[in-house]
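*Asks:* I have a structure I would like to understand better, so I am pasting it below and will then ask my questions one at a time.
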């Protein structure tokens, strides 16, 4: 079976740096961090009070929310903002015809968690019955339904929920749908929200930092939770060429695995994580030697980073030190189910612009650290192939390989 | 590219364990519904639920392990174990090449309330970190992977009821493309006092009618249900090499979302097209399994209309079946049951009847919904949601 090539032709985001790709990329390049004390709920009872929230000027903008179709749930609001930009950027839409059969795959972890808490509170207090709108928006599929309705997406649609690997997996799923000819175009990504139940949960596990996220630093003490959404408009290369679209990058392959080790802990040897990396490289039909840059999962927890180092070592061996690496999580927090989408956006922009943003706060001196961690200032480098890695609860591992668009018929230059 | 066979079925449901328990009970007219518990605020006197009794979780977990997992994890892993045993498959050294795909629509709700209760009661310092992971929708999938040592590709879909058929379709593609030779794929939902509280509001008026009502135009009562159903998919080569006895072959799938046109017409069009997409013919369809849950929600009206069109327009002897008529509205778990039941029916060449047929069901539809022997080798499993999303699988029997 001939598989079709898939390219990214539109990008969009709302992040803790604000609205839009430009704000996101420029802040990343400058090495800024949006980590602050949480404002949206009272985090005073928790050991960590840090988070990376979408700015209040966006979150509280009722006119903007209304312009997005008035979603009843915040991750759907974020996703609509990101998707609007991605479709504008790709010069398609904003709504599709039935015949377009545009697909959509989103990923999320925390979507609707706040609504579930509202229903739970009323239930425990035997308060008033939840409204139909609240019940509707408490479904994890609400974000998908809202986006599919908004743009009239009539192709295959789905929602992935593999914890922190969700939206990397969603990108891979959408890639498959186009690659295998189920649809010609798809919106992929995901939105997630910073909610108290998730903050409280990670806080109770001592996974949250009290100072600053320092991925791959010897003195790292955890992450903080971020929020936002990332959207990538994907289409077949034939479709992009037929309409003269500008191409950011090519999706070359992805890999999934389960560590089958523990429900919350990463594997000790990194073997399960390495399987996902190897599968992504195999699917992309490139060797480990071809990877120039890794957007790491880089949560800055003691165990996760150590495992990720071992996984990278297992796949790339001594060549690891030649690979540039960074983590977006000290800049925008850990955006949970949306993290993979936001990190894929960053990776695509690295390929497009030939610059790797630095990782704030870290010295990159973790024990066994094997990658060339970009710190301080952005590093200019010609990046041909990049890998974005996501690992989550439940042993979920998802990695995606992206290639710089070379404008050629050959897949690899 | 390889053929993909269904070689194992594992069911933990209101009827008990295994697909045979469902088939036998359904054929005998036993719905396995019980009264909605008085303590759980029943919507009316006739309200009922499809609840799972005891199941052999001790076979798969120690007492200590059972204290560390929730009901959906235990039920799902048990169903996975039953499916692997049914397939006579010891994954063993093939763990790295076995995928785990999972679907759920609402399984996390009970554990989410349990974990967040201290926050809701103003005591956030009492949060129990041991319960936190249970909020993740993929935790049952992870538990299956841990329990059986499955390190192949793994994912959880949570788009709604249709996630069930989406998970099977995606697993099918992974096996078909040679990414893995084996996939354990399934889904689960559970009931609890809080889950029923939410479902009562989620289903709204559809909880308040006196009886379920299938294939008619009037509203009927939804029966919330719980359970877990897992399938083993294998490449034909892998299954042949170990002399496995397949239930059916998955031939292909189609999915999408209906836009602004008439949904019944659209669904009939999908049912008509998919056989030719996979190299079959609609006249050879022996079974059409639909996702109707017993009321008149938008997708149920569309299915009823599409069944009517099929009965009137397709020269085939296809029988119609709505497994939710005897298993209840179990969203992803009953979505998976649709697939399992169709696979088993193709092998047995018999299908149980649809119960609670509406008084106003069209005669042509009613005539095909009474169960009985199957004339033909293929089945369509159709799922739809009230928002217009649909997913359809095409299976064939007589393989192996």
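*Asks:* Report yes if some residue within the stretch B:257-267 is away from chain A (no Cβ under 14 Å) and farther than 23 Å from residue B:19 by Cα; otherwise report no. If you could, list the steps in order and put the result at the bottom.
*Replies:* Looking only at the stretch B:257-267, we keep the residues that are away from chain A (no Cβ under 14 Å), and these are B:264.
Narrowing further to those that are farther than 23 Å from residue B:19 by Cα: B:264.
Yes, the stretch B:257-267 has at least one match.
*Asks:* Still on this structure: Would you confirm whether or not the stretch B:42-56 contains a residue that is modelled with pLDDT of 95 or more, surrounded by fewer than 22 Cβ atoms within 10 Å (Cβ to Cβ) and either within 14 Å of chain A (Cβ to nearest Cβ) or under 18 Å from residue A:260 (Cα atoms) (or both)?
*Replies:* no
*Asks:* Among the listed residues A:204, A:236, which satisfies the condition of being away from chain B (no Cβ under 14 Å), modelled with pLDDT of 95 or more, touching a helix residue (DSSP H, G or I) at 6+ places or on another chain (Cβ under 6 Å) and surrounded by fewer than 23 Cβ atoms within 10 Å (Cβ to Cβ)? Walk me through how you get there before you give the answer.
*Replies:* Details: A:204 fails: away from chain B (no Cβ under 14 Å).
Residue meeting the stated conditions: A:236.
*Asks:* Which one of these is touching a helix residue (DSSP H, G or I) at 6+ places or on another chain (Cβ under 7 Å), outside any helix (DSSP H, G or I) and in contact (Cβ under 8 Å) with a residue 24 or more places away in the chain: A:349, A:402?
*Replies:* On the way: A:349 fails: outside any helix (DSSP H, G or I).
The unique qualifying residue is A:402.
*Asks:* Let me ask something additional. Taking residue B:34 as the residue in question, decide whether it is in the same structural domain as residue B:190 (by TED's automatic domain parsing), touching a residue at least 12 places away in the same chain (Cβ under 8 Å), over 15 Å from residue B:12 (Cα atoms) and in contact with a strand residue (DSSP E or B) (Cβ under 8 Å, 6 or more places away or on another chain). Full working, then the answer.
*Replies:* Details: in the same structural domain as residue B:190 (by TED's automatic domain parsing): yes; touching a residue at least 12 places away in the same chain (Cβ under 8 Å): yes; over 15 Å from residue B:12 (Cα atoms): yes; in contact with a strand residue (DSSP E or B) (Cβ under 8 Å, 6 or more places away or on another chain): yes.
Answer is yes for this residue.
*Asks:* Looking at the stretch B:375-396, which of the residues that are at pLDDT below 95 and farther than 16 Å from residue B:256 by Cβ is surrounded by the most Cβ atoms within 10 Å (Cβ to Cβ)?
*Replies:* Going through the qualifying residues, I end up with B:376.
*Asks:* Let me ask another. Taking into account only those residues within the stretch A:18-48 that are closer than 14 Å to residue A:194 by Cα and without any contact (Cβ under 8 Å) to a residue 24 or more places away in the chain, which is surrounded by the most Cβ atoms within 10 Å (Cβ to Cβ)?
*Replies:* At the first step, the residues of the stretch A:18-48 found to be closer than 14 Å to residue A:194 by Cα are A:34-43, A:48.
Next, only the ones that are without any contact (Cβ under 8 Å) to a residue 24 or more places away in the chain stay: A:36-37, A:39, A:42.
On the way: A:36: 14, A:37: 12, A:39: 12, A:42: 11.
Among residues in the stretch A:18-48 that are closer than 14 Å to residue A:194 by Cα and without any contact (Cβ under 8 Å) to a residue 24 or more places away in the chain, the one surrounded by the most Cβ atoms within 10 Å (Cβ to Cβ) is A:36.
*Asks:* Shifting gears a bit: Mind checking which residues of the stretch A:372-389 are under 27 Å from residue A:255 (Cα atoms) and under 21 Å from the mean Cα position of the chain (by Cα)?
*Replies:* A:373, A:374, A:383, A:384, A:385, A:386, A:387, A:388, A:389
*Asks:* Sticking with this structure for a sec: Going by what's in this entry, would residue A:168 be described as at pLDDT 95 or above, within 14 Å of the chain's Cα centre (by Cα), assigned by TED's automatic domain parsing to the domain that holds residue A:87 and over 27 Å from residue B:110 (Cβ atoms)?
*Replies:* Working: at pLDDT 95 or above: yes; within 14 Å of the chain's Cα centre (by Cα): yes; assigned by TED's automatic domain parsing to the domain that holds residue A:87: yes; over 27 Å from residue B:110 (Cβ atoms): yes.
So residue A:168 fits the description; yes.
*Asks:* Quick one: count up the residues across the stretch B:262-274 that are assigned to a loop (DSSP other than H, G, I, E, B) and buried (at least 21 other Cβ atoms within 10 Å of the Cβ).
*Replies:* Going residue by residue through the stretch B:262-274, those that are assigned to a loop (DSSP other than H, G, I, E, B) are B:262.
Retained after the next criterion (residues that are buried (at least 21 other Cβ atoms within 10 Å of the Cβ)): none.
The total comes to 0.
*Asks:* Just the residues that are in contact with a helix residue (DSSP H, G or I) (Cβ under 8 Å, 6 or more places away or on another chain) and more than 8 Å from chain A (Cβ to nearest Cβ), please, taken from the stretch B:87-97. If you could, list the steps in order and put the result at the bottom.
*Replies:* Applying the first criterion (in contact with a helix residue (DSSP H, G or I) (Cβ under 8 Å, 6 or more places away or on another chain)) to the stretch B:87-97 yields B:90-91, B:95-96.
Listed by number, the residues that qualify are B:90, B:91.
*Asks:* With the requirement that a residue be in contact (Cβ under 8 Å) with a residue 24 or more places away in the chain and touching a helix residue (DSSP H, G or I) at 6+ places or on another chain (Cβ under 9 Å), what does the stretch B:38-48 give you?
*Replies:* So the first thing to find is which residues in the stretch B:38-48 are in contact (Cβ under 8 Å) with a residue 24 or more places away in the chain, and the list is B:39-41, B:43-44, B:46-48.
Those that are in contact (Cβ under 8 Å) with a residue 24 or more places away in the chain and touching a helix residue (DSSP H, G or I) at 6+ places or on another chain (Cβ under 9 Å): B:39, B:40, B:41, B:43, B:44, B:47.
*Asks:* Can you tell me which residue among B:306, B:322, B:327, B:343 is over 19 Å from residue B:214 (Cα atoms), surrounded by 23 or more Cβ atoms within 10 Å (Cβ to Cβ) and either at pLDDT below 95 or not assigned by TED's automatic domain parsing to the domain that holds residue B:20 (or both)?
*Replies:* B:343
*Asks:* Right, here's the next one. Select, from A:278, A:241, A:319, the only residue that is surrounded by fewer than 24 Cβ atoms within 10 Å (Cβ to Cβ), within 14 Å of chain B (Cβ to nearest Cβ), free of Cβ contacts under 8 Å to residues at least 60 places away in the same chain and over 18 Å from residue A:393 (Cα atoms). Show your work before the answer.
*Replies:* Working: A:241 fails: within 14 Å of chain B (Cβ to nearest Cβ); A:319 fails: within 14 Å of chain B (Cβ to nearest Cβ).
Going through A:278, A:241, A:319 in turn, just one is surrounded by fewer than 24 Cβ atoms within 10 Å (Cβ to Cβ), within 14 Å of chain B (Cβ to nearest Cβ), free of Cβ contacts under 8 Å to residues at least 60 places away in the same chain and over 18 Å from residue A:393 (Cα atoms): A:278.
*Asks:* Further question: Give just the number: which of (1) modelled with pLDDT under 95; (2) in the same structural domain as residue A:269 (by TED's automatic domain parsing) does residue A:410 not satisfy?
*Replies:* Failing condition for residue A:410: (2).
*Asks:* Quick check: is even one residue across the stretch A:247-267 buried (at least 24 other Cβ atoms within 10 Å of the Cβ), closer than 30 Å to residue B:66 by Cα and more than 10 Å from every other protein chain (Cβ to nearest Cβ)?
*Replies:* yes
*Asks:* Still on this structure: Considering the stretch B:75-88 alone, what residues qualify as being surrounded by fewer than 24 Cβ atoms within 10 Å (Cβ to Cβ) and assigned to a helix (DSSP H, G or I)? If you could, list the steps in order and put the result at the bottom.
*Replies:* We begin by selecting, within the stretch B:75-88, every residue surrounded by fewer than 24 Cβ atoms within 10 Å (Cβ to Cβ); these are B:81, B:84-86, B:88.
If the condition is that a residue be surrounded by fewer than 24 Cβ atoms within 10 Å (Cβ to Cβ) and assigned to a helix (DSSP H, G or I), then B:81, B:84, B:85, B:86 are the ones that fit.
*Asks:* Looking at B:125, B:109, can you tell me which residue is out of contact with any strand residue (DSSP E or B) (no Cβ under 9 Å at 6 or more places or on another chain), facing chain A (nearest Cβ under 8 Å) and crowded, with 24+ Cβ neighbours inside 10 Å? Steps first, answer last, please.
*Replies:* Numbers: B:125 fails: crowded, with 24+ Cβ neighbours inside 10 Å.
Answer to the check: B:109.
*Asks:* Checking residue A:222 against (1) at pLDDT 95 or above; (2) surrounded by fewer than 22 Cβ atoms within 10 Å (Cβ to Cβ), which test does it fail?
*Replies:* Against the list (1) at pLDDT 95 or above; (2) surrounded by fewer than 22 Cβ atoms within 10 Å (Cβ to Cβ), residue A:222 comes up short only on (2).
*Asks:* Restrict the check to the stretch A:217-229 and report whether at least one residue is part of a loop (DSSP other than H, G, I, E, B), more than 14 Å from every other protein chain (Cβ to nearest Cβ) and within 20 Å of residue A:42 (Cβ to Cβ).
*Replies:* The first filter runs over the stretch A:217-229 and keeps only residues part of a loop (DSSP other than H, G, I, E, B), leaving A:217-222, A:224, A:227.
With more than 14 Å from every other protein chain (Cβ to nearest Cβ) added as a condition, the list becomes A:217-221, A:224, A:227.
Now restrict to residues that are within 20 Å of residue A:42 (Cβ to Cβ): A:224, A:227.
So far as the stretch A:217-229 goes, yes, one or more of its residues are part of a loop (DSSP other than H, G, I, E, B), more than 14 Å from every other protein chain (Cβ to nearest Cβ) and within 20 Å of residue A:42 (Cβ to Cβ).
*Asks:* Related question: Across the stretch A:109-135, which residue is surrounded by the most Cβ atoms within 10 Å (Cβ to Cβ) among those that are within 8 Å of chain B (Cβ to nearest Cβ) and touching a residue at least 12 places away in the same chain (Cβ under 8 Å)?
*Replies:* A:109
Residue by residue, here is whether (1) part of a loop (DSSP other than H, G, I, E, B); (2) under 20 Å from the mean Cα position of the chain (by Cα) holds:
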residue	(1), (2)
B:260	yes, no
B:276	no, no
B:279	yes, no
B:288	no, yes
B:293	yes, yes
B:341	no, yes
B:346	no, yes
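The values are calculated or read from the model by the stated rules, or taken from the named source; none is laboratory data. It should be emphasised that the depicted structure is a prediction, and the values quoted were computed from it without experimental measurement. Cβ sites come from the backbone with ideal geometry, for glycine too, and all protein chains shown count toward neighbours.
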